[in-house]
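Heads up, the thing below is written out as C-alpha cells.
The values are calculated or read from the model by the stated rules, or taken from the named source; none is laboratory data. The structure displayed is predicted, hence computed values, not measured ones. Heads up, the Cβs are rebuilt from the backbone with ideal geometry, glycines too, and the neighbour counts pull from every protein chain shown.
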Amino acid sequence: MTTHKLLLLPGDGIGIETMAEVERLIAFFNKKSSKNKFETESDLVGGSAYDKHGVAVTDTCVAKAKASDAVIFGAVGGPQWDKVPYAVRPEAGLLRLRKDLDLFANLRPAICYPALADASSLKRELVEGLDIMIVRELTGGVYFGEPKEIVTLEDGQKRAVDTQLYTTREIERIAKVAFDLARKRSNKVHSAEKRNVMKTGVLWNEVVTATHKSYAPDVELQHILADNCAMQLVRNPKQFDVIVTDNLFGDVLSDEAAMATGSLGMLPSASLGAADEKTGKRMALYEPVHGSAPDIAGKGLANPIATIASFGMALRYSCAMTAEADLIDKAIAGVLADGLRTGDIMQPGMQKVGTSEMGSAILAKLENLAA
Ligand code: NAD
C-alpha cells in the first residue's frame with residue numbers, strides 16, 4: 001500500500017466549491033483502491049488566509065506544502081480583497097508557494113474533448129482531437145526580475161520598471177522538462193521566444209538549442225517567435241505538440257491555447273519543481289487555470305472539471321497512478337458525451353447542471369468504469 005499525502009488548498013470563491021468535488025473523488029479512490037491511499041490535510045490560502053492571519057499564506061501552510069506529495073489548489077482572490085496591501089493580496093499566497101517550492105515548470109495541457117469541439121471559438125476541424133502541452137517557465141522572467149518598481153522622477157512624471165531576466169540554468173531545466181514530456185507524446189517541441197528584439201530571447205534560443213543537442217537529439221525541435229506562435233495557435237493549433245516558453249509569453253500563449261478548447265472551467269494545470277536526486281520526488285502543485293470567479297461564487301454554478309482534471313494530473317505526475325488518471329479523463333469525456341454541461345460550456349440541446357451534479361455524474365461514471 002502506498003500512501004500519498006495531499007494538501008488541499010481550496011482558497012476563495014469557486015475554489016471552495018470545486019475542491020469539494022475533488023474531495024468526493026479522493027474518498028472514492030480511498031474506498032476502491034487496495035494499493036494506494038490518500039492522506040489529506042486542508043489549509044487556508046488567499047483572501048481567506050488574509051482574513052484569519054493577515055497574510056495570504058502562512059509559514060505553516062508553506063511547510064505543509066513542502067512535506068506533501070502534491071498540493072491541490074483551488075483559486076484565490078475576489079473584490080473584497082482588492083484594497084489589501086500589495087504584499088499580502090490573495091495572489092501573493094500562490095506566488096509564494098510557487099517560489100518557495102521552486103515550482104519552475106508550469107504544464108498546461110490544451111485538450112479538446114470531441115463533445116466540446118463546437119464550443120470552441122475556432123472551427124471544429126481545427127480543434128477536434130487537439131492535444132497540446134504548453135510548458136511555461138514559472139519562477140523567473142519579468143514577473144520576478146529586479147528592479148521592479150514605480151519611481152517618481154524629478155519632473156513629477158512616474159516611471160515603471162519590470163526586469164526580464166533569465167540564466168542558463170533556468171532555461172536549461174525548463175527545456176529538459178519539455179523534452180522529457182515530448183518523448184512521452186509526439187516527440188516534438190516548439191521553443192517560443194523573441195530573439196529578434198530581446199536579449200533574453202537570444203539566450204533562450206542558444207540554451208534550448210544546446211540542451212537539445214546534448215540532452216534530447218532524438219526529439220524534433222523547432223524555434224518559433226512568440227508572436228508567430230500566437231498566430232499559429234489560432235491558424236493551425238494541431239501543428240503543435242509541446243511548446244516551451246518563458247513566464248510572460250507562457251502566461252499569454254497558454255490562455256490563448258485554452259480558448260481553442262472551450263472554457264476556462266475545463267482547464268487544469270500542474271506546476272513542478274526539480275526532481276530530488278535521491279528519491280526522484282518533485283514538489284508539485286496542481287490547480288485549475290481559472291480564478292475564483294466572484295460573479296458566480298457561492299451559487300453552485302462553477303464547472304468543477306478543471307479542478308478535477310488537475311487532481312487527475314496529480315495522480316499522473318506525483319502519485320504514479322496513471323490508470324486512475326486515465327479513468328478520470330475517460331469519466332470527464334463520458335459525461336460530456338452524455339450531454340451534461342455547466343453554464344460555461346452550455347450548448348443548445350444539452351442538459352444544464354450545477355457544480356455538484358457535474359461532480360456526481362463524474363463519480364458515477366468512475367464507478368462504472370472501475371467496476
Ligand atoms: P476568473 O477565471 O475567476 O473568471 C473569468 C470568467 O470565467 C468569469 O466570468 C467566471 O464566471 C468564468 N469562470 C471561471 N472559472 C469558471 C468555472 N470553473 N466554471 C464556470 N465559469 C467559470 O477570472 P477573473 O474574473 O479575471 O478573476 C477573478 C478573481 O480571481 C480575481 O481576484 C483574480 O485576481 C483571481 N484569479 C485567481 C487565479 C488563481 O487563483 N490562480 C487566476 C486568475 C484570476
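Just a few scattered comments:
- The residues in segment 324-342 that are in a helix (DSSP H, G or I), in contact (Cβ under 8 Å) with a residue 60 or more places away in the chain and either within 15 Å of residue 304 (Cα to Cα) or not aliphatic (A, V, I, L, M) (or both) can be counted, and the count is 5.
- Where residue 56 falls short, out of the listed (1) of a type in the set (Gly, Ala, Ser); (2) within 15 Å of the ligand (Cβ to nearest atom); (3) part of a strand (DSSP E or B): (3)
- When residues in segment 270-296 are screened for being assigned to a strand (DSSP E or B) and more than 9 Å from the ligand (Cβ to nearest atom), 11 of them pass.
- Residue 47 on the phi < 0 side of the Ramachandran plot and within 13 Å of the ligand (Cβ to nearest atom): yes
- Within segment 288-312, being within 16 Å of the chain's Cα centre (by Cα), more than 18 Å from residue 262 (Cβ to Cβ) and of a type in the set (A, V, I, L, M, F, W, C) holds for one residue alone: 311.
- Hits in segment 227-259 (condition: in contact (Cβ under 8 Å) with a residue 60 or more places away in the chain, within 16 Å of the ligand (Cβ to nearest atom) and over 26 Å from residue 70 (Cα atoms)): 259
- Note on segment 30-66: residues that are of a type outside the set (A, V, I, L, M), in contact with a Leu (Cβ under 8 Å, 6 or more places away or on another chain) and under 20 Å from residue 4 (Cβ atoms) total 9.
- Within segment 231-263, being part of a helix (DSSP H, G or I), buried (at least 21 other Cβ atoms within 10 Å of the Cβ) and modelled with pLDDT of 95 or more holds for 233, 237, 247, 249, 250, 253.
- Residue ID - farthest from the chain's Cα centre (by Cα), chosen from residues in segment 346-371 that are among the hydrophobic types (A, V, I, L, M, F, W, C) and under 18 Å from residue 31 (Cβ atoms): 371
- Scan of segment 93-119 for residues that are small (Gly, Ala, Ser) and more than 17 Å from the chain's Cα centre (by Cα), ordered by number: 115, 117, 119
- Exactly one residue among 42, 34 is surrounded by fewer than 19 Cβ atoms within 10 Å (Cβ to Cβ), assigned by TED's automatic domain parsing to the domain that holds residue 328 and touching a strand residue (DSSP E or B) at 6+ places or on another chain (Cβ under 7 Å), and that residue is 42.
- Being within 16 Å of the ligand (Cβ to nearest atom), surrounded by 19 or more Cβ atoms within 10 Å (Cβ to Cβ) and modelled with pLDDT of 95 or more is a property that residue 88 lacks.
- Check on residue 73, more than 20 Å from the chain's Cα centre (by Cα), in the same structural domain as residue 328 (by TED's automatic domain parsing) and either on the phi > 0 side of the Ramachandran plot or part of a strand (DSSP E or B) (or both): no
- Residue satisfying all of: in segment 209-230; of a type in the set (Asp, Glu) and outside any helix (DSSP H, G or I); surrounded by the most Cβ atoms within 10 Å (Cβ to Cβ) among these: 220
- In segment 38-92, the residues that are under 19 Å from residue 283 (Cβ atoms) and of a type in the set (Asp, Glu): 39, 41, 43, 59, 69
- Residue 54 meets the conditions (1) over 21 Å from the mean Cα position of the chain (by Cα); (2) on the phi < 0 side of the Ramachandran plot in every case but one. The failed one is (2).
- Filtered by the rule that a residue be within 15 Å of the ligand (Cβ to nearest atom), free of Cβ contacts under 8 Å to residues at least 24 places away in the same chain and assigned to a helix (DSSP H, G or I), segment 343-371 gives a lone residue, 357.
- For segment 4-42, the candidate set comprises residues that are over 23 Å from residue 369 (Cα atoms) and among the hydroxyl-bearing types (Ser, Thr, Tyr); within that set, the residue that is nearest to the ligand (Cβ to nearest atom) is 42.
- Qualifying residue in segment 94-115 (condition: surrounded by fewer than 15 Cβ atoms within 10 Å (Cβ to Cβ), at pLDDT 95 or above, more than 23 Å from residue 252 (Cβ to Cβ) and more than 11 Å from the ligand (Cβ to nearest atom)): no
- Odd one out for residue 147, checked against (1) under 22 Å from residue 209 (Cα atoms); (2) modelled with pLDDT of 95 or more: (1)
- From the options 276, 246, residue that is touching a helix residue (DSSP H, G or I) at 6+ places or on another chain (Cβ under 7 Å) and over 16 Å from residue 109 (Cβ atoms): 246
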